[in-house]
Amino acid sequence: MGVGPPDATQRPEMTAHAGPPDLYRASSVEDAVEELARLGPDGEALAGATWVMRAPIRHERFRRRYVSLGGIEELTRIDPGDPTVVGALATHTAIAALETGNGPLGSLIEAARTSAFLAIRDTATLAGNICTVFPEADLVPPLLASEAQVDVASPAGRESLELGEYLVSRGARPAGEVVVSVTVPAPAGRRSAYERLTVRGSGEFPLACVAVSVDLDDGMVREARVAVGSVEEIPRRSAAAEAALQGRLLDVRAAEQGGLAAAGELTAREGLDAPGWYRLAVLPALLARAAARLV
Amino acid sequence: MPMQLQINGRQYEVDVPSLKPLARVLREDLGLMGTKIGCYEGRCGSCNVLVDGLVVASCLFPLGLAEGAAIRTVEGLGGEGALAPLQEAILSHGGVQCGICTPGILMTLTALLERSPSPAEQEVREALVGNLCRCTGYHKIVGAVLAVAAGRPA
């Protein structure tokens with residue numbers, strides 16, 4: 001007997017079925033789709049496993065079988081360019097290694113670089129970040145602000161859909177669906193930045209986070225895309241913040257007003273880590289910090 | 001079904017459920033007690049091991065994902081009867097007190113030095129964010145890493 005709370009192999013009541021859950025290593029995307037479709041609610045895709053393995057802590061039951069996507073080469077690939085296609089199983093570490101600076105992928109790379117800590121960044125994946133329902137997912141706001149598409153495979157074939165649409169439908173996705181990649185528009189000249197707020201320096205979920213993506217003409221904002229995470233239950237774009245930035249010189253003052261506009265538009269969740277009003281109150285400062293990196 | 005594991009260059013066979021955390025397999029089924037379990041939530045870093053060169057919180061890593069991979073634990077760091085330079089440095093700099101966090105810290109820092117042989121102090125501190133130590137205050141550990149990077153482990 002070891003230390004720590006029981007895991008799936010030691011607490012049969014944590015599973016909905018007789019015996020501990022098992023793991024199936026899919027040989028291809030099509031194989032994973034077929035197995036997950038067959039399992040229905042008894043199965044779930046497994047990427048880095050950092051979320052699934054903590055199911056007992058969240059008092060959640062394990063599924064009967066997990067379908068591991070690890071080892072499917074297509075899912076770990078990152079194809080840079082415009083658009084950049086990031087495989088579902090790209091880890092935070094792999095994304096963080098893409099480039100530096102504040103180009104079109106800058107916010108995504110910064111989010112990957114600063115999230116959690118090394119052992120999680122080396123293991124946790126892009127798909128885990130967008131398929132798992134948790135408000136603090138660092139990679140989601142940059143992808144929303146980039147107007148990324150989610151590429152999925154299912155028994156019906158392959159299709160792409162808007163990330164925002166995918167996020168709000170996560171509770172009702174078809175059985176057998178697997179996220180294959182995310183396609184991120186990355187036109188030359190676009191600039192983006194990400195800011196997250198934690199109580200300590202790092203190693204924590206953000207209390208609030210923002211991603212800003214802009215197209216500039218001589219410092220003036222031609223188009224702005226702003227996404228906010230960790231404030232509402234599901235990260236989302238802020239049309240009010242975008243309108244506040246549009247057509248203006250991108251400076252700290254404009255960014256603060258964008259943050260105020262976002263705070264007026266969002267309904268913040270309460271939590272032990274921070275009250276709702278605080279998540280809203282910090283948005284002007286976060287947007288200002290993001291803007292300061294872009295000018 | 002039995003699974004083959006490659007740990008520190010040796011082959012092992014285990015027959016346990018595939019979702020059993022690797023940390024527990026190492027300690028309970030293979031007798032490799034160097035890897036410690038602290039929080040069991042992937043937050044403290046004491047169970048960190050390397051899997052194909054990646055730093056992994058082995059309390060959250062299912063055995064089934066480790067099959068076929070090259071696993072490295074603290075037992076594999078030094079040679080026969082000898083410590084690795086990083087271990088020597090942490091010892092000589094006074095970077096070990098109660099020792100519970102030490103194996104995980106060693107594995108994190110081994111990965112850091114393999115990726116970045118001459119890290120800046122800030123880089124070392126950032127790498128250690130996920131390794132909690134309640135005794136040393138980190139200064140001596142950071143000093144040890146910088147000494148190894150400078151070729152002065154002792």
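Could you tell me which of rounded, prolate or oblate describes segment A:125-190, using a ≥ b ≥ c as the square roots of the eigenvalues of the alpha-carbon gyration tensor, with rounded for a/c under 1.5 and, failing that, prolate when a/b is larger than b/c and oblate otherwise? Cα axes put segment A:125-190 in the oblate bin.
Accessible surface ranking for B:Lys36, B:Lys20, 1.4 angstrom probe, highest first: B:Lys36, B:Lys20.
You can think of it this way: the chain between A:Glu74 and A:Glu99 has 6.9 nm of extra reach, that is 0.36 nm per residue less the Cα-Cα gap. Averaging the Cα positions of each part gives two centres, and for segment A:43-58 and segment B:41-64 these lie 14 Å apart.
Full extension of the chain between B:Glu114 and B:Asp29 yields a length gain of 27.7 nm, computed as 0.36 nm times the residue separation minus the alpha carbon distance. A dipole drawn for chain A from +1 and -1 charges on Cβ atoms has a positive end, and of A:Pro56, A:Gln149, A:Val33 the residue lying farthest that way is A:Pro56. Seen against the Cα atoms of chain B and their longest principal axis, helix B:102-115 is set at about 80 degrees. Computed per residue of chain A from DSSP H runs no shorter than four, each worth -39500 (n - 2.57), the mean residue ellipticity at 222 nm is -7500 deg cm²/dmol. If you model segment B:18-154 as an ellipsoid using its alpha carbon gyration tensor, with each semi-axis the square root of five times an eigenvalue, the axes come out at 24, 15, 14 Å, biggest first.
Computed about its Cα centre, the charge dipole of segment A:87-198 is approximately 100 debye, with only Lys, Arg, Asp and Glu carrying charge at their Cβ.
Computed from Cα positions, the angle between helix A:252-265 and the longest principal axis of chain A comes to roughly 50 degrees. Each residue, A:Leu272 and A:Glu223, gets one label point 7 Å from its Cα in the Cβ direction; the gap between the two is 4.3 nm. Farthest toward the dipole's positive end in segment B:1-101, which of B:Pro17, B:Leu91, B:Ala69, given Cβ charges of +1 (Lys, Arg) and -1 (Asp, Glu) about the Cα centre? Value: B:Leu91. Which residues among segment A:41-55 fall inside the zone where the amide N is under 19 Å from a point 7 Å beyond the Cα of A:Ala156, along Cα→Cβ? Counting backbone N atoms under 19 Å from the label point, the list is A:41. Here the Debye sum runs over all C-alpha atoms of segment B:53-124 as equal scatterers in vacuum, and log10 of I(q)/I(0) at q = 0.15, 0.22, 0.27 Å⁻¹ comes out as -0.59, -1.15, -1.40. If the chain linking A:Glu30 and A:Ser202 were pulled fully straight, counting 0.36 nm for each residue of separation and taking away their Cα-Cα distance, it would gain 58.1 nm. For chain A, the Cα-based Rg and Dmax, in that order, read 19.6, 66 Å. For chain A, a simple Cβ point-charge model (Lys and Arg +1, Asp and Glu -1, everything else neutral) yields a dipole of about 640 debye relative to the Cα centre. Rounded to whole numbers, the Karplus 3J(HN,Hα) couplings from phi for segment B:87-97 are 5, 4, 5, 5, 5, 6, 8, x, x, 10, 10 Hz, using 6.51 cos²θ - 1.76 cosθ + 1.60 with θ = phi - 60°, and x at Gly and Pro.
The values are calculated or read from the model by the stated rules, or taken from the named source; none is laboratory data. Here the structure is a predicted model, which is why all the values come from computation and not from measurement. Every residue, glycine among them, receives a Cβ derived from its backbone with ideal geometry; neighbour counts consider all protein chains shown. When the accessible area is computed, the model is the full protein with side chains, heavy atoms only, and any ligands, DNA or RNA have been set aside. Shrake-Rupley method; radii C 1.70, N 1.55, O 1.52, S 1.80 Å.
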